[in-house]
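What follows is one structure encoded as structure tokens, with my remarks underneath.
Since every read-out is calculated from the coordinates, none of them should be taken as a lab result. Computed from a prediction, not measured in an experiment: that's the story for all the values here. So basically every Cβ, Gly included, is an ideal-geometry build from the backbone, and we count neighbours across all protein chains shown.
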Amino acid sequence: MQVEEIKTKIKAAVIAAKKAKPLVGSITNAVTINFVANAQLAAGGSAAMVYLPDEGQTLAQLSNAFYINVGTMLPIYAEALPKTAAVLAASNKPWVLDPVAIGIGSLRTDILRKFKEYKPTIIRGNASEIIALAGLWNLEGGSLLSKVRGVDATEDVNTARKAAEALAAYTGGAVAVSGVIDLITDGDSTVYSYGGSLLMERITGAGCSLGGVMGVYAAVADPFIAAVTGSALYNVAGSLAAAKVSGPGSFIAQFLDEIFLLSAEEIGNNKLEKDDKI
Amino acid sequence: MQVEEIKTKIKAAVIAAKKAKPLVGSITNAVTINFVANAQLAAGGSAAMVYLPDEGQTLAQLSNAFYINVGTMLPIYAEALPKTAAVLAASNKPWVLDPVAIGIGSLRTDILRKFKEYKPTIIRGNASEIIALAGLWNLEGGSLLSKVRGVDATEDVNTARKAAEALAAYTGGAVAVSGVIDLITDGDSTVYSYGGSLLMERITGAGCSLGGVMGVYAAVADPFIAAVTGSALYNVAGSLAAAKVSGPGSFIAQFLDEIFLLSAEEIGNNKLEKDDKI
Amino acid sequence: MQVEEIKTKIKAAVIAAKKAKPLVGSITNAVTINFVANAQLAAGGSAAMVYLPDEGQTLAQLSNAFYINVGTMLPIYAEALPKTAAVLAASNKPWVLDPVAIGIGSLRTDILRKFKEYKPTIIRGNASEIIALAGLWNLEGGSLLSKVRGVDATEDVNTARKAAEALAAYTGGAVAVSGVIDLITDGDSTVYSYGGSLLMERITGAGCSLGGVMGVYAAVADPFIAAVTGSALYNVAGSLAAAKVSGPGSFIAQFLDEIFLLSAEEIGNNKLEKDDKI
């Protein structure tokens, strides 16, 4: 698949999402739960969030795609997350995993280890998180010693390329590594997505909400295209919003506006580079 | 009560709320908890949120009115919600119930069924939710088969008119059905409130925060007037905000500004139509 | 220490925080958790939030400073808060306590009583909360009868001056009392910080996020300077933002922008008055 074909598919995914208004259920952290929902709505999806095990199972069945983010773990997650992931896996429902803050806490580690068997359709994280998850799953390129520091994306995405490819090869889905330049791979094909803004590191939730929006696209496109489409949207919207504001508070509002307003054409024209595995 | 009398009472409620700054306690969902609090503050109220049973009971006693929204249920809700509602009912404190996502999960269903005995002063939901709650309470116009899909208000409010009237007749309070046009009834008198914006469906929390603001007005007005005042405020503020912005992110900020700035006169002049039960 | 020396130290703290980007972990309430994180990021810090006991302990060790806010208590807090505070105390890590809604609920009271032994580095609250905490800890100026009403700061900060001084003398840290004029004391030196806006009472989280931002500065300055720097930042940013907007929704965005944009010079020049204990 060449870059032009990818761009055509991105445009189709954007249009399909706005038409279908897919319901994307989420179990996600308290810090950015509102921003995730608003970003999903701005991109054309429908959002619903739960915490309880039977609600996660029901919502997994009702949803067109799902988003699981392991930030701000609650005790009930010990039951809710595995049960919800099991339903998603059993029903072949596309879902996005955001392994935020991997390495902190025993329950988070247990659950992320268990998710290996449920094979998330898309995994999105920063380089540290992707390396750590590959380490936890004993995959190539992984390391359990990957440094975790808040929710920053401080490393070059290429440090996680091998880990990302190994994770995608294992799940049969896609992996997106967020950084100054984003990397998205299905294990074979890898693309770099350009754009965004440094202001995205000065707000909380740019990464979480991107994962939530990839869920919207995963309801209407294959995992690789869904992940690339989400990254393209965020890079274009982030650049445009940053050019219009002077600080992070105004950026949040303008960024949601851009997500809402951007055409499929504008998103599809985001700068992409392809660099496949040799 | 004629439309002009209702409008006069709306204006009085707006003024009374800004003067009294009533404390409205809430147990509400994590997605929109911040927006609920900010909307209550913008309308002139004071906000406090809790989760624990004894805190709910204490806050119910301290508050001038209360708001209960069953989104993002937590295990502790099994104890917190019935105990809080029991205090509210025993002390004749006005409270608003938002039966969001009714039909998902056994705990939510159990609690919403139990709320029948505590007779919420105002019930606010979209058409599907109102029909489902009437079904759960075995009232006319209700159906347990009402479709639930995220937090959308996709149905015409009139599909829920019989259910809304039956609920209001049962509780002796008011029921508000949110849609493109809003319906508010006390079981006998029914009004339609016009305005708002399609952008309100592209943000999360327009409905939740409306419920929270109805709580502010319920502290200073009877249930029907409180519900109509909240709807009028949201319809006027929504229309004005939408005319000034280009997307949902800016809309959120502008909408809170309008809630804060609108005069009693402007809110009272919102288009209302009366159509009583024959 | 004269006012000019304090101002010089404020400027140094602002610069140091932007350079060090300290990680400030938090266990904080659901209402304003997003705003706390965004304010910490805008001020130059890095933010991470957790709920679980072992995550609190680990994050306390990883963080440069910590913020604990007892709003929206969850059952797991019974274990998480004391364990986290114990790690903070044992490792001499600076941390900020926000005793929001003190007096509501038995768990909140138990935990706040227990915190006496862990001596929070900075305590931030409104006058009522500071008086109540001093009362709970049996310190001079305290009273268990202090009225608690939502999250308002309705009393003159001077009503809490004795309580604040007693708390700071006991902990060896600093206490900040938020009001129309803010009071900050280390038990001996006391300063009043001027500015801000009445709009800060019409949004939720001005106080919580100030506590979170004091955590950012506590990672790079002594407790008294960290508390004064946070107050100065909020007073300057609040005044500037209020002058540019017409309502609370726009204020939130503009306020975060100002936090992000203000220079050390501008923050250091905030009006301060010194009035030491005689």
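For residues in the stretch B:26-53 being of a type in the set (A, V, I, L, M, F, W, C) and within 14 Å of C:Leu74 (Cβ to Cβ), which is farthest from the other protein chains (Cβ to nearest Cβ)? Per the stated criteria, the residue is B:Ile27. In the stretch A:78-106, what residues are small (Gly, Ala, Ser) and over 18 Å from the mean Cα position of the chain (by Cα)? Scanning the stretch A:78-106 gives A:Ala78, A:Ala80, A:Ala86, A:Ala90, A:Ser91, A:Gly103, A:Gly105, A:Ser106.
Out of all the residues in the stretch B:64-78, which are of a type outside the set (Val, Ile, Thr) and within 14 Å of chain A (Cβ to nearest Cβ)?
The first filter runs over the stretch B:64-78 and keeps only residues of a type outside the set (Val, Ile, Thr), leaving B:64-67, B:69, B:71, B:73-75, B:77-78.
If the condition is that a residue be of a type outside the set (Val, Ile, Thr) and within 14 Å of chain A (Cβ to nearest Cβ), then B:Asn69, B:Gly71, B:Met73, B:Leu74, B:Pro75, B:Tyr77, B:Ala78 are the ones that fit.
Of the residues making up the stretch C:181-201, those that are in contact with an Asp or Glu (Cβ under 8 Å, 6 or more places away or on another chain) and either over 23 Å from C:Ile252 (Cα atoms) or among the aliphatic types (A, V, I, L, M) (or both) are C:Thr185, C:Gly187, C:Asp188, C:Ser189, C:Thr190, C:Val191, C:Tyr192.
Counting only residues that are in a loop (DSSP other than H, G, I, E, B) and under 18 Å from C:Tyr51 (Cβ atoms), the stretch A:26-66 holds 8 of them.
With respect to the conditions (1) over 18 Å from C:Arg124 (Cβ atoms); (2) touching a Leu at 6+ places or on another chain (Cβ under 9 Å), C:Gln57 lacks only one, and its number is (2). Run B:Ser63 past the list (1) surrounded by fewer than 24 Cβ atoms within 10 Å (Cβ to Cβ); (2) farther than 27 Å from A:Glu79 by Cβ; (3) of a type in the set (Ser, Thr, Tyr) and report the number of the one that doesn't hold. Just one mismatch for B:Ser63, condition (1).
Could you please let me know if A:Leu144 is of a type in the set (A, V, I, L, M, F, W, C), part of a loop (DSSP other than H, G, I, E, B) and either surrounded by fewer than 23 Cβ atoms within 10 Å (Cβ to Cβ) or within 13 Å of the chain's Cα centre (by Cα) (or both)? In short, yes. Taken as a whole, the condition of being at negative phi and either surrounded by 20 or more Cβ atoms within 10 Å (Cβ to Cβ) or more than 14 Å from chain C (Cβ to nearest Cβ) (or both) applies to A:Pro120. Considered as a group, the residues in the stretch B:167-198 that are in a helix (DSSP H, G or I) and surrounded by fewer than 24 Cβ atoms within 10 Å (Cβ to Cβ) include one that is nearest to the other protein chains (Cβ to nearest Cβ), and that residue is B:Leu198.
Only one of B:Val87, B:Val100 is part of a helix (DSSP H, G or I), under 25 Å from B:Asp186 (Cβ atoms) and not hydroxyl-bearing (Ser, Thr, Tyr). Can you tell me which? Before you say what the answer is, go through the steps one by one.
On the way: B:Val100 fails: part of a helix (DSSP H, G or I).
Only one candidate qualifies: B:Val87.
Annotation note: of C:Ala264, C:Ala253, the sole residue that is away from chain B (no Cβ under 14 Å) and under 20 Å from C:Gly44 (Cα atoms) is C:Ala264. Taking the criterion of being crowded, with 24+ Cβ neighbours inside 10 Å and assigned to a strand (DSSP E or B), would at least one residue in the stretch A:208-231 satisfy it? No: the stretch A:208-231 contains no residue that is crowded, with 24+ Cβ neighbours inside 10 Å and assigned to a strand (DSSP E or B). Looking at A:Leu107, A:Leu133, A:Leu139, just one residue is over 17 Å from A:Thr28 (Cα atoms), surrounded by fewer than 22 Cβ atoms within 10 Å (Cβ to Cβ) and out of contact with any Ser or Thr (no Cβ under 7 Å at 6 or more places or on another chain), and that residue is A:Leu139.
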